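Here is the structure we will look at, set down as structure tokens.
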Amino acid sequence: MRLEGPDGSEAWLIGWPPRTGTGWHDHAESVGAFLTARGALKENSLAARLPTDGWKTLELSEDVDRQRQLTAGEGRAFGRHHVHEVLNESPTEHAVSVHAYYPPLPRIRRYSRTGPVLRLESVERPEDWQ
């Protein structure tokens, strides 16, 4: 569910059934934050600055992977072009999270990952989510 926020921001309330996730993606030019409101979420992220455009495949160095476990009440902020995936790894419990972005999401770039290789698969725009 999308909610308009103050000063051109937006928020999303997201429900996570057991064993679901976002896949690898970024939020392009938006900065953001999210908070786990119920359950537990895992975030896998890349501690690397990626080129913003003009590439399809990158080989990542060995030291870029980061993991966080975020239980109810825990969250994190992130900057532009932050590449991550968010997962509810529980086999039985639902999770809920709240995400805020500024400016509102102009696009989301989706990636696939095989070992150290990150591949740009698609670019989604807000009209794709309607």
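In Å², what does the accessible area per residue of the chain work out to with a 1.4 Å probe?
Details: 7310 Å² over 130 residues.
Result: 56 Å² per residue.
Want the number for V96 to A72: 0.36 nm per residue separation, take away the alpha-carbon distance, what's left? Could you put the intermediate results ahead of the total?
Numbers: separation 24, 0.36 × 24 = 8.64 nm, distance 0.86 nm.
Residue separation times 0.36 nm, minus the Cα-Cα distance, leaves 7.8 nm.
When the Kirkwood radius is taken over all Cα pairs of the chain, what Stokes-Einstein diffusion coefficient follows at 25 °C and 0.890 mPa s, in µm²/s?
On the way: Rh = 15.3 Å.
Diffusion coefficient, whole number: 161 µm²/s.
Exactly which GluC sites (Glu not before Pro) in the stretch 7-70 are in a DSSP loop and have at most 16 other Cβ atoms within 10 Å? Walk me through the numbers before you get to the answer.
Working: sites: E10, E29, E43, E59, E62; in loops: E29, E62.
Here the sparse-neighbourhood loop sites are E29, E62.
Just how much of L58 is accessible, in Å², when a 1.4 Å probe is used and the result is rounded to the nearest 10?
Around 40 Å² of this residue is reachable by solvent.
What is the percent carbon and sulfur in the accessible area of the stretch 30-130, measuring with a 1.4 Å probe over the protein chains and ignoring ligands?
Working: 2800 of 5650 Å².
Of the solvent-accessible surface of the stretch 30-130, carbon and sulfur hold 50 percent.
Near H99, within a Cβ-to-Cβ distance under 12 Å, what is the net charge of the other residues, with Lys and Arg +1 and Asp and Glu -1? If you can, show how the numbers build up before the last one.
Details: positive: R2, R76; negative: E10, E43.
Result for the local shell: 0.
Counting only other residues whose beta carbon sits under 11 Å from that of R80, what net charge do I get with K and R as +1, D and E as -1? Intermediate results must be reported in sequence, preceding the final value.
Values: positive: R49; negative: D26, E29.
Surrounding charge for R80 is -1.
For W24, what charge total do you get from the other residues with a beta carbon under 12 Å from its beta carbon, if Lys and Arg give +1 and Asp and Glu give -1?
Numbers: positive: R109, R110, R113, R119; negative: D26, E43, D65, E85, E121.
Charge balance in the 12 Å sphere: -1.
The values are calculated or read from the model by the stated rules, or taken from the named source; none is laboratory data. This one's a predicted model, so the numbers in the text were calculated from it and none came from an experiment. Every residue, glycine among them, receives a Cβ derived from its backbone with ideal geometry; neighbour counts consider all protein chains shown. Remember, those area values only see protein heavy atoms, side chains included, never the ligands or the DNA or RNA. Shrake-Rupley method; radii C 1.70, N 1.55, O 1.52, S 1.80 Å.
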